[in-house]
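A.B. asks: Mind having a look at this structure? Questions to follow.
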Amino acid sequence: MARILITSALPYINGVKHLGNLAGSMLPADVYARFQRLRGHDVLYICATDEHGTPAELAAKAAGQTPDDYCKEQHKIQREVGKGFKLSYDWFGRSSSRPNNELTQAFADKLEDNGLIEERTSRQVYSIDDKRFLPDRYVEGTCPHCGYEKARGDQCDNCGRLLDPVDLKDPYSAVSGSKKIEIRDTQHLFLLQSKMQDRIRAWVDAADHWPQLTKSIAYKWLDEGLQDRSITRDLAWGVPVTRNGKPRPGFENKVYYVWFDAPIEYIGATWEWSSAAGEGETRDWRSWWRTDEGADDVTYVQFMGKDNVAFHTVSFPVTILGSQEPWKLVDKLKAFNWLTWYGGKFSTSEKRGVFMDQALELLPSDYWRWYLIANSPEGSDAAFTWQNFQSTINSDLANVLGNFVNRITKYAGSKFHGQVPKDGERGEAEAWMAKELETRLPLLLQHYEDMEFRKAAAETRAIWAAGNEYLTKAEPWVKYKTDVDAAAVGVRTGLNLAALFGIIAQPIIPDAAQKILTALNIPEQARSLNFTSGDRSYADLLDALPRGMEISAPDVLFAKIEDAQVEDWTARFGGG
RNA sequence: GGUGGGGUAGCUCAGCUGGUUAGAGCGCAGGACUCAUAAUCCUGAGGUCGAGAGUUCAAGUCUCUCUCCCACUACCA
């Protein structure tokens, strides 16, 4: 039994996430976690909300709440939506939690002890009316190059040029609109990433389980040369800057930069999980993270969108390696491209696309889970369209899987008293089906191991489709007229296939799988993805259910998506 | 601008270190079947693999040029 630690990129606290966020980190991580649990491994799947930073502070202000209250509320909302999508987190934490505060401060201390942090003075935009320093993008003004009047301090959206806020003409605060702006000196802590360049490169060189996309992004940063970066900000909301447990002089009104503390929350959330252990339960977070305390046998897998890769392959490892402490580093890193929405991006700020809470109002989570995995943006960006969604669901789920389960269970009910038939001998059709399973099931497992989710879904579907093909070959409804025993073999095999189809469906569509397996009375211990444990062969899968066992026909598993619904949703959400 | 990824059947995508007639699903056409959610199964049509040049006995697969799309570009996260 292997120990597998899984984390998905922390969703930012600022509002419910859209389907693109779900498809690019949380959902595949969940599918992978479910898969590995069903393989019998010891899995710990950790996620959390990323709560610090300027956007959270401003959103709280806009909502008339303290950042703390705002985050508490938003965290609960995100946690519930995650539940709605059946994301099987072992823990869904908060980056503002106490453990993360402690860990972040401890890491900073270690880094400074190791000569990797120094104080530097930098010049920043200060808004007098807002009484705060402003990040570059919260300063707006007229672009010195093209005259665009709403250029941001970091970049002009009109001409695309990178800017420095001091270059803007007539600058004003994007927070309040105030023009009372000045440049002030401010002290910040800089993490000396440049000193870690060689160590990081050696570590990336040695990482042989990373996909191409991941490595190329890491090397890009390394080739350009790691720059020292500021890890503190002039904000009130965040992890307070300390030195050896005491407020750091001159930094009383500053916090660590959100990108410094957020990845540390992977560890922090595990600590939270540990602290929440119930009566008589032992949870040791350090055994998952400290290689000197048991984590050396842990395989750590991270899931994220491509925008996050640099931070996970370079920035966070600088923190970990720079600490000189035996913390666990990532072993496998799966990065995703974007799910696109009618030619553009899903966008939280522009409210483009479908958001997780809205999606659940339209259809049960399985529908979305299947579509988003079967069309996962793995190799390149993937387009979401309502029509594609409709045809994928209707074909794969309603027709191929749902109809298979329905036809065989109904037929068993009407002709074989709702029992697994006892009689009849196997023939050619069963041999053909066994052969299919023998070649396809190992492929399916391999795709999951490789984290090739599109391929895993395609193989799952191919196995379901093979079941329909089998029934055509076996045609029990024809044989029933002349030879009931011959029909019995077909029905028995069909019912066993329905059970198997439910079993392999579990990682992607857990609810539907549960319905199938419950209707067929499959006990928990018989639901694993270890198909050939012991002396069991693939052919045995076709006769695994106890003969004579009562089964029931589940309700129709998937309703088809009607054209009228597509029209309705298109009108409501746009697209097309 | 720089860097990276991508441009393969009507649509969405597979095609690893170059090797016989380029694949899948959907859609489309025809047929079979009737247990089933007008579902399923079979067969078929359909591609100058973005454009051009080069290397090679052989290129979707390697090199160069061009073109279009997307992402990243370190103080948004």
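A.B. asks: Taking a point 7 angstrom from the Cα of A:THR121 along the C-beta vector, which residues in the stretch A:164-201 have backbone N less than 13 Å away?
C.D. replies: A:184-188, by backbone N distance to the label point.
A.B. asks: Between A:ILE6 and residues 5 or more places away or on another chain, which pairs have amide H atoms under 5 Å apart, with H built 1.01 Å from N, and which residues are they?
C.D. replies: For A:ILE6, whose amide H was placed from the backbone, the distant partners under 5 Å are A:LEU44, A:TYR45, A:ILE46, A:VAL301.
A.B. asks: A:ARG229's amide H: which non-local residues (gap 5+, or another chain) put their own amide H closer than 5 Å, with H modeled 1.01 Å from N in plane and none for Pro or chain starts?
C.D. replies: When sequence neighbours closer than 5 places are left aside, the close amide H contacts are A:LEU191, A:GLN193.
A.B. asks: Taking Cα atoms, how many degrees apart are the long axis of helix A:365-374 and the longest axis of chain A, rounded to 10 and kept between 0 and 90?
C.D. replies: That helix lies at roughly 80 degrees to the long axis.
A.B. asks: Calculate one ³J(HN,Hα) per residue across the stretch A:553-558 by plugging θ = phi - 60° into the Karplus curve 6.51 cos²θ - 1.76 cosθ + 1.60, and present them in order as whole Hz with x for glycine and proline.
C.D. replies: 8, x, 4, 3, 6, 9
A.B. asks: Using alpha carbon centroids, what distance separates the stretch A:324-379 and the stretch A:400-427, in Å?
C.D. replies: 38
A.B. asks: Taking 0.36 nm per residue of separation and subtracting the Cα-Cα distance, what length does fully extending A:GLU350 through A:SER537 add? Write out the running numbers ahead of the final one.
C.D. replies: Numbers: separation 187, 0.36 × 187 = 67.32 nm, distance 5.38 nm.
Full extension of this stretch gives 61.9 nm more.
A.B. asks: Please list, in order along the stretch A:540-548, the HN-Hα scalar couplings obtained from phi with the Karplus expression 6.51 cos²θ - 1.76 cosθ + 1.60 (θ = phi - 60°), rounded to whole Hz, x for Gly and Pro.
C.D. replies: 5, 4, 7, 9, 8, 5, x, 5, x
A.B. asks: For n ≥ 4 DSSP H runs only, could you compute -39500 (n - 2.57) per run for chain A, divide by its residues and tell me the 222 nm figure to the nearest 500? Each step should come with its number before you reach the end.
C.D. replies: Values: 19 runs with 235 residues, N = 576.
Helix-only estimate at 222 nm: -13000 deg cm²/dmol.
A.B. asks: Ok, one more. Between A:GLY344, A:THR242, A:MET196, whose Cα lies farthest towards the positive end of the dipole of chain A when Lys and Arg beta carbons carry +1 and Asp and Glu beta carbons carry -1, centred on the Cα centre?
C.D. replies: The listed residue farthest towards the positive side: A:GLY344.
A.B. asks: Cα axis of helix A:258-275 to longest principal axis of chain A: angle in degrees, 0 to 90, nearest 10?
C.D. replies: The angle comes out at about 50 degrees.
A.B. asks: A:GLU325 to A:ALA458: extension gain in nm, 0.36 nm per residue of separation minus the Cα-Cα distance?
C.D. replies: Working: separation 133, 0.36 × 133 = 47.88 nm, distance 4.27 nm.
So the chain would gain 43.6 nm between A:GLU325 and A:ALA458.
A.B. asks: Along the charge dipole of chain A, which of A:TRP285, A:PRO263, A:VAL16 sits closest to the positive end, that is, farthest toward it, with unit charges on the beta carbon of Lys, Arg, Asp and Glu (+1, +1, -1, -1)?
C.D. replies: A:VAL16
A.B. asks: Ranked from highest to lowest mean number of other Cβ atoms within 10 Å per residue, what is the order of the peptides A:529-536, A:34-41, A:302-309?
C.D. replies: On the way: A:529-536: 12.1, A:34-41: 19.0, A:302-309: 21.6.
My ranking of the peptides, most packed first, is A:302-309, A:34-41, A:529-536.
A.B. asks: Convert each backbone phi in the stretch A:404-413 into a coupling constant with the Karplus relation 6.51 cos²θ - 1.76 cosθ + 1.60 (shift: θ = phi - 60°), then list the ³J(HN,Hα) values in order as whole Hz, x for Gly and Pro.
C.D. replies: 4, 4, 5, 5, 6, 6, 5, 5, 4, x
A.B. asks: Continuing with the same structure: Among the lysines, which fall within straight-line cross-link reach of A:LYS179, defined as a Cα-Cα distance under 17 Å, with same-chain neighbours fewer than 8 residues apart omitted?
C.D. replies: Reachable lysines: A:LYS131, A:LYS150, A:LYS169.
A.B. asks: Just list whichever of A:LYS306/A:LYS351; A:LYS180/A:LYS220; A:LYS306/A:LYS560; A:LYS195/A:LYS215 have alpha carbons separated by over 30 Å in the model shown. All intermediate terms of the calculation are to be shown ahead of the outcome.
C.D. replies: Working: A:LYS306/A:LYS351 21 Å; A:LYS180/A:LYS220 40 Å; A:LYS306/A:LYS560 34 Å; A:LYS195/A:LYS215 21 Å.
Over 30 Å Cα-Cα: A:LYS180/A:LYS220; A:LYS306/A:LYS560.
A.B. asks: Hey, can you rank A:118-128, A:176-186, A:256-266 by average C-beta count inside 10 Å, highest first? Display every interim value, and only then the final one.
C.D. replies: Values: A:118-128: 15.1, A:176-186: 13.3, A:256-266: 24.9.
The densest-packed peptide leads the list: A:256-266, A:118-128, A:176-186.
A.B. asks: What's the magnitude of the charge dipole for the stretch A:250-326 around its Cα centre, counting Lys and Arg as +1 and Asp and Glu as -1 at the beta-carbon? Answer in Debye, nearest 20.
C.D. replies: Values: 5 positive and 13 negative charges, 67 e Å.
Approximately 320 debye in magnitude.
A.B. asks: With the dipole of chain A worked out from charges on the C-beta (+1 for Lys and Arg, -1 for Asp and Glu) around the Cα centre, which of A:ALA458, A:LEU321, A:ILE408 lies farthest toward the positive end?
C.D. replies: Most positive-ward Cα: A:ILE408.
A.B. asks: Compute the separation of the alpha-carbon centres of the stretch A:187-226 and the stretch A:29-67 and state it in Å as a whole number.
C.D. replies: 25
A.B. asks: Normalising by the residue count of chain A, find the relative contact order in percent from Cα pairs under 8 Å and 6+ residues apart.
C.D. replies: Numbers: 1011 pairs, mean separation 93.2, N = 576.
Once divided by the residue count of chain A, the mean separation gives 16 percent.
A.B. asks: Follow-up. If amide hydrogens are placed 1.01 Å from N in the peptide plane, which non-local residues have theirs closer than 5 Å to the one on A:HIS18?
C.D. replies: When sequence neighbours closer than 5 places are left aside, the close amide H contacts are A:MET356.
A.B. asks: Here's a follow-up. Suppose every K and R has +1 on its Cβ and every D and E has -1 on its Cβ; what is the size of the dipole of the stretch A:117-192 about the Cα centre, in Debye to the nearest 20? Kindly include the intermediate steps, with their values, before the conclusion.
C.D. replies: Working: 12 positive and 14 negative charges, 27 e Å.
It works out to roughly 120 debye.
A.B. asks: If you roll a 1.4 angstrom probe over the protein chains with everything in place, what fraction of the accessible area of chain A belongs to carbon and sulfur, to the nearest %?
C.D. replies: Numbers: 11220 of 24200 Å².
Heavy-atom surface of chain A belonging to carbon and sulfur, 1.4 Å probe: 46 percent.
A.B. asks: Next up: May I ask you to list the aspartates and glutamates whose Cα is less than 15 Å away from that of A:LYS17, ignoring any residue fewer than eight positions away on the same chain?
C.D. replies: A:ASP50, A:GLU51, A:GLU73, A:GLU80, A:GLU350, A:ASP357, A:GLU361
A.B. asks: Need the full-extension length gain, A:ALA564 to A:LYS195, defined as separation in residues times 0.36 nm minus the C-alpha distance. One decimal, nm. Let's see the in-between values first.
C.D. replies: Working: separation 369, 0.36 × 369 = 132.84 nm, distance 6.04 nm.
Stretched out fully, the A:ALA564 to A:LYS195 stretch lengthens by 126.8 nm.
A.B. asks: Please get the size of the charge dipole for the stretch A:40-177, origin at its Cα centre, with Cβ charges of +1 on Lys and Arg and -1 on Asp and Glu, quoted in debye to the nearest 20.
C.D. replies: On the way: 18 positive and 25 negative charges, 88 e Å.
The dipole magnitude comes to about 420 debye.
The values are calculated or read from the model by the stated rules, or taken from the named source; none is laboratory data. Please read these numbers as outputs of a predicted model, since none were measured by experiment. Glycine gets a Cβ as well: all are built from the backbone with ideal geometry, and neighbour counts include every protein chain shown. Keep in mind that these areas ignore ligands, DNA and RNA; they rest on the heavy atoms of the full protein, side chains included. Shrake-Rupley method; radii C 1.70, N 1.55, O 1.52, S 1.80 Å.
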